Amino acid sequence: MNVLEVNNVRKCFGSEVVLEDLSLSVPEHTATVLIGASGSGKSTLLRCINLLDEIDDGSIHLDGEEISDPHIDVDVVRRRLGMVFQSFNLFPHMTVLDNITLSPIKVHGLEKDEARHKAIELLTRFGLADKANQFPDRLSGGQQQRVAIIRSIAVRPRVLLLDEVTSALDPVLVNEVLSIVRDLKQDGMTMVLATHEMGFATQVADEVCFLESGRIVERGSATQVISDPQLPQTKEFLKRVHEAGRL
Amino acid sequence: MNTNDGPIHASVGRALSWSPSQREIERIAQRKSLARKRIAIATLSSVVVLGALVIAVVTSPGFTVVKETFFDLSYGRKVLHLVARGILTNIMLTIIASIAIGIIAMTLALLRTSRSAALTPFRILATVYVDIFRGVPLLLVILLIGFGVPALRIHGLTSSVLVLGTIAVVLTYSAYVAEVLRSGILSVHPSQRAAARSLGLSQSQTLRYVVLPQAVKRVIPPLLNDLVALLKDTGLVSILGVIDAVRAAQIEASRTFNYTPYVVASVLFLCITIPLTRYTDRTLLRSIARQNAQGAA
């Protein structure tokens with residue numbers, strides 16, 4: 001069964017069409033990777049799925065329920081989705097532990113002790129237990145992004161949306177973040193990721209979608225799209241990424 | 001910052017065996033001599049400028065008269081307790097007013113920044129309120145409220161000048177402080193809201209746990225500034241006849257035609273405002289340092 005379904009979605013900012021007739025099916029426990037140049041619509045698609053932006057046509061379904069319905073309670077939908085941003089967006093006035101437990105306690109109604117216990121468990125698993133009581137500005141970019149990922153999975157979302165989570169990091173820190181995502185994939189977390197890391201995409205993707213000007217122009221398994229692209233524009237894009245040393 | 005592990009150990013090893021080179025020893029000596037020179041220049045220029053000021057005042061033709069009418073020490077000591085009792089009124093007024101201002105200003109700021117459809121009329125009213133009370137001089141508001149409200153002769157409404165004066169101050173300052181708070185709320189980056197909302201927090205939870213704590217922290221220095229200004233401006237209610245420090249000094253001065261009480265009142269105000277402004281400066285510098293550190297991270 002598909003956890004997430006995006007059907008013929010269209011999104012405009014003013015007169016500019018950012019997503020056009022875009023469809024996507026994400027089965028449970030799979031990872032869908034979105035690739036494409038900056039401005040091709042990857043981030044917008046993720047923001048639309050998380051209802052941070054409203055779509056202008058089409059529909060989005062989560063576990064069979066239409067979440068693009070204007071009457072739906074967006075807070076309830078977002079409780080079932082996790083989102084990680086390119087710029088981490090940790091809350092600077094809260095410790096790492098408080099960042100992670102805010103939503104479990106305030107939104108999901110967990111007891112404080114239970115939420116903290118679970119947060120520490122996750123931090124320990126990902127090697128960050130000693131950072132629990134520190135403030136985000138004391139952490140490296142890689143550590144901040146790992147905390148952001150833990151924060152978004154602490155409430156066990158149905159789908160985790162990752163928006164270029166390594167773009168703001170230098171190459172050495174990229175790996176520590178990607179290894180968490182690999183672990184989550186092994187745990188069976190359903191994911192949609194936008195990324196420029198093609199090697200990583202090949203490792204985790206069940207499906208790769210190449211976006212150009214708001215449309216998915218080529219899709220298939222990682223071996224198909226990344227190793228043996230069919231369309232000239234996909235080839236051109238991958239060639240440029242390769243030249244930038246990311247393949 | 002990226003390849004920390006290896007180099008850190010190496011540099012620790014180097015630090016233990018390091019001793020300054022001949023060039024570095026020379027540089028240290030040069031820096032010391034430069035620093036001495038700077039201190040000497042600062043001292044000299046201060047003595048010259050301040051000395052010239054003092055001489056100009058002391059040798060001015062009216063100085064002896066000014067000294068007697070403004071700086072009569074023994075008279076100043078005699079009126080000190082009267083003016084001090086007056087300044088207690090200013091302090092009390094400041095404390096009570098700042099609590100009321102905090103509540104009203106926060107409400108106004110929240111209304112002005114909210115996007116809820118149901119609150120539209122209140123948002124408009126809040127905007128009009130801020131426009132009016134930020135634009136009318138405080139002295140006029142005090143006069144209008146202080147003399148206007150009793151003239152209405154509404155039964156049960158207070159005619160206490162102290163209460164009416166306080167209300168006037170609260171009305172005006174709420175508009176100022178609301179704008180400070182609003183700028184703080186707007187300065188929190190939209191990505192913080194997005195992150196909070198994506199975690200499932202509602203609009204009001206996002207405001208309460210994510211936006212407001214950051215907003216208020218950022219505007220604490222300007223708020224402290226307003227607190228200092230508020231304390232001074234409470235002196236304006238003396239125009240209604242409230243016996244605060246300003247009024248107490250005025251009564252004394254008009255009795256003896258000696259203006260020393262005014263100086264006493266000024267000194268008393270300074271005794272409170274200078275520590276407060278020093279403290280404000282410190283928090284401002286600290287918050288700037290913190291923001292810069294965040295920018296670097």
Can you tell me which residue in segment A:183-203 is surrounded by the fewest Cβ atoms within 10 Å (Cβ to Cβ), limited to those that are modelled with pLDDT under 90 and part of a helix (DSSP H, G or I)?
-> A:G199
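Taking A:L110, is it without any contact (Cβ under 8 Å) to a residue 12 or more places away in the chain and within 13 Å of chain B (Cβ to nearest Cβ)? Quick ask: steps written out before the conclusion?
On the way: without any contact (Cβ under 8 Å) to a residue 12 or more places away in the chain: yes; within 13 Å of chain B (Cβ to nearest Cβ): yes.
Yes; evaluated as a whole, the condition is true for this residue.
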Given (1) farther than 14 Å from A:V155 by Cβ; (2) more than 14 Å from chain B (Cβ to nearest Cβ); (3) touching a helix residue (DSSP H, G or I) at 6+ places or on another chain (Cβ under 6 Å), number of the condition A:H93 does not satisfy | (2)
Restricting the search to segment A:145-158, which residues are crowded, with 20+ Cβ neighbours inside 10 Å, more than 8 Å from chain B (Cβ to nearest Cβ) and in contact with a helix residue (DSSP H, G or I) (Cβ under 7 Å, 6 or more places away or on another chain)?
-> A:Q145, A:R146, A:V147, A:I149, A:I150, A:A154
Does B:L44 count as under 30 Å from B:L268 (Cβ atoms), part of a helix (DSSP H, G or I), of a type in the set (A, V, I, L, M, F, W, C) and modelled with pLDDT of 90 or more?
-> no
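For A:A119, are the conditions met, namely being within 14 Å of chain B (Cβ to nearest Cβ), touching a residue at least 12 places away in the same chain (Cβ under 8 Å), of a type in the set (G, A, S) and under 30 Å from B:L207 (Cβ atoms)?
Numbers: within 14 Å of chain B (Cβ to nearest Cβ): yes; touching a residue at least 12 places away in the same chain (Cβ under 8 Å): yes; of a type in the set (G, A, S): yes; under 30 Å from B:L207 (Cβ atoms): yes.
So A:A119 passes the test.
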Residue match in segment B:178-187 (condition: at pLDDT 90 or above, surrounded by fewer than 20 Cβ atoms within 10 Å (Cβ to Cβ) and within 14 Å of another protein chain (Cβ to nearest Cβ)) | yes
Take B:A249 and decide whether it is over 30 Å from A:L90 (Cβ atoms) and surrounded by fewer than 20 Cβ atoms within 10 Å (Cβ to Cβ).
-> no
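The values are calculated or read from the model by the stated rules, or taken from the named source; none is laboratory data. All values derive from a computational prediction rather than experimental measurement. Don't worry about glycine lacking a Cβ; one is built from the backbone with ideal geometry, like all the others, and counts go over all protein chains shown.
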